[in-house]
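Heads up: the structure comes next, in structure tokens.
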Amino acid sequence: MKTISKLLLAAALVAPAATVATSASAQVNGVAVADPQGAIAGSRAWTTARQQIETTYKAQLDQAEARRAAIGRELEPLVQAFQTARSAPNANEAALRTQAQSIQAKQQAGEQELARLTQPAARAQGYAVEQIQARLGEAVQNAVRAKNVSLLVSPQAVLFMQPTADITSAVTAELDKLVPTVSITPPANWQPGQQGQQQGAAPAAAPAATPATAPARRQNSGR
């Protein structure tokens, strides 16, 4: 699958509403680690939804990938010319600024074009993830209860752990039970975060489709 169709999953951490007190012998003395993003990404509902999105929006995603490559080709000589001018003796700072601003404007215009092309797929992805994320807290609680965990932390907060302390797969298994499938067709009036707000929960972070791997901002370093 091409770069543009590899949609990135971005899920906000949903902490369990309460902890379960257990004996000290449980799951590495009652402490475990879980990656909520990984749990959602590994779920059957998301795997199926992602495949459906890549099929349904294949034409738009392929078009965006082609444009991404074309934009990269358009920008490359401009960036090279800028770098050459910058490395010249007695480089004209005003001229360099003008070149860098022109490159940045073209890059931003390209990013906006790619965002428009991928917007339908990104919207479908956001809706699919939000449906799964709405049950993440419950899945975490079920996994915590089943594993007799008294303290659950994110991987970012851990310097070292035994593999048995990671219960991400257990959270994924609970998600598979709670959300076996999701829709990739959002209602006409749906907005990212809407479902979480209606449930009284914190709004979910809208997952962003990667419009393109935009050309590197090498020109900015010379401004």
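The values are calculated or read from the model by the stated rules, or taken from the named source; none is laboratory data. Please read these numbers as outputs of a predicted model, since none were measured by experiment. Because the Cβ atoms are built from the backbone with ideal geometry, glycine has one as well, and the counts that use them run over all protein chains shown. SASA here: full protein model, heavy atoms, side chains in, ligands and nucleic acids out. Shrake-Rupley method; radii C 1.70, N 1.55, O 1.52, S 1.80 Å.
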Quiz item: So which of ALA128, ALA157 ends up being surrounded by 21 or more Cβ atoms within 10 Å (Cβ to Cβ) and either within 20 Å of the chain's Cα centre (by Cα) or not polar (S, T, N, Q) (or both)?
Solution: ALA128
Quiz item: Using beta carbons and a limit of 6 Å, which pairs, at least six apart or on different chains, have the first residue in the stretch 85-105 and within 17 Å of ILE71 (Cβ to Cβ) and the second one open to solvent by 60 Å² or more (accessible area, probe 1.4 Å) and part of a helix (DSSP H, G or I)?
Solution: ILE103/LEU78
Quiz item: Which helices (runs of 4 or more DSSP H) sit wholly inside the stretch 22-87 and have at least 2 residues that are at pLDDT 95 or above and aliphatic (A, V, I, L, M)?
Solution: 36-41, 44-56, 58-87
Exercise. Check whether at least one residue in the stretch 136-146 is open to solvent by less than 30 Å² (accessible area, probe 1.4 Å) and either without any contact (Cβ under 8 Å) to a residue 40 or more places away in the chain or not in a helix (DSSP H, G or I) (or both), and report yes or no.
Key: no
Self-check item: Extreme residue, farthest from the chain's Cα centre (by Cα), among residues of the stretch 29-41 that are in contact (Cβ under 8 Å) with a residue 40 or more places away in the chain and closer than 17 Å to LEU151 by Cβ
Solution: GLY30
Quiz item: What are the residue pairs meeting all of these: first residue in the stretch 169-187, first residue touching a residue at least 40 places away in the same chain (Cβ under 8 Å) and of a type in the set (Ser, Thr, Tyr), second residue part of a loop (DSSP other than H, G, I, E, B) and open to solvent by 20 Å² or more (accessible area, probe 1.4 Å), Cβ atoms under 6 Å, and 6 or more apart or on different chains?
Solution: THR172/GLY42
Practice problem: Test ARG44 against the criterion of being under 30 Å from MET161 (Cα atoms), open to solvent by 60 Å² or more (accessible area, probe 1.4 Å) and within 20 Å of the chain's Cα centre (by Cα), and give yes or no. | Solution: yes
Practice problem: State which residue is modelled with the lowest pLDDT when the search covers only the stretch 160-206 and only residues that are outside any loop (DSSP other than H, G, I, E, B) and open to solvent by 70 Å² or more (accessible area, probe 1.4 Å). | Solution: GLN198
Quiz item: Are any of the residues in the stretch 107-120 outside any helix (DSSP H, G or I), modelled with pLDDT of 90 or more, open to solvent by less than 70 Å² (accessible area, probe 1.4 Å) and aliphatic (A, V, I, L, M)?
Solution: no
Exercise. Only residues in the stretch 60-76 that are of a type in the set (D, E, K, R) count as the first member; pair them with residues that are buried (at least 17 other Cβ atoms within 10 Å of the Cβ) and not in a helix (DSSP H, G or I), Cβ under 8 angstrom, at least 6 apart or cross-chain, and list the lot.
Key: GLU65/ALA212; ARG67/ALA212; ARG68/PRO211; ARG68/ALA212; GLU76/PRO215
